[in-house]
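The block underneath contains the structure these notes are about, expressed in structure tokens.
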Amino acid sequence: MHLSTVLYTSVAVALGLASSSHALPNPLSSILSPSSQPTESITVCSAPEDLLQIKYININPDPPARGQNLTIDAMGVLSKDVLHGATIELLVKTGVIKLLQKKLDFCDEAAKIDKNCPLLAGDQFLQHTVELPKEIPPGRYTVNVKVKNPDGEQVACINAKATFGIIPKF
């Protein structure tokens, strides 16, 4: 499945934070409070009671650029396991126009980036690089990603935005 760059970035952050358990460096300058904006392009919309409390998200370059590699480095703490049957709810828009609204199986998507499911509670780390295609259509994109356990309990919420190419003014 090919997703738009901002969509893939958001999904990768949500999946990786909730599914990765390898050690990463912890850049103390990037530690965030739950209400902080981690990057120019990604914001955390999680509530204090969500299962994943995101400590930091760094992307490089920020904002993402067509034809370049995008590296995501993130850390969070998962308070409960994420179980088989968990879902990813995606909403991709350009302006007020919905381009995609879809519910994906979390474990299926996690497997695509070599992550295991179910995911066990504890510290979660992500370091992932994706090549951004040069062919991304010009536009301003926004993405909302919500990860939920099978019982509906929210794991995490992430918003992303990106602008690619020259946008004509009307």
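The values are calculated or read from the model by the stated rules, or taken from the named source; none is laboratory data. Small disclaimer: the values here were computed from a predicted structure and weren't measured. When we count neighbours, we look across all protein chains shown, and the Cβ atoms used for this are built from the backbone with ideal geometry, even at glycine.
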Completion exercise
Across (1) part of a strand (DSSP E or B); (2) over 17 Å from H128 (Cα atoms); (3) touching a helix residue (DSSP H, G or I) at 6+ places or on another chain (Cβ under 6 Å), H84 clears everything bar (1)
Handout entry: Which listed residue, of I113, I158, is modelled with pLDDT under 90, surrounded by 16 or more Cβ atoms within 10 Å (Cβ to Cβ), under 14 Å from the mean Cα position of the chain (by Cα) and among the aliphatic types (A, V, I, L, M)
Key = I113
Exercise for the section: Just one of (1) more than 23 Å from E49 (Cα to Cα); (2) small (G, A, S); (3) in contact (Cβ under 8 Å) with a residue 60 or more places away in the chain trips up A160, so point out which. Expected result: (1)
Completion exercise
Result of the Cβ filter at 6 Å on segment 125-143, keeping first residues that are part of a loop (DSSP other than H, G, I, E, B) and partners that are basic (K, R), at least 6 apart or interchain, is L132/R66; K134/R66; I136/R66
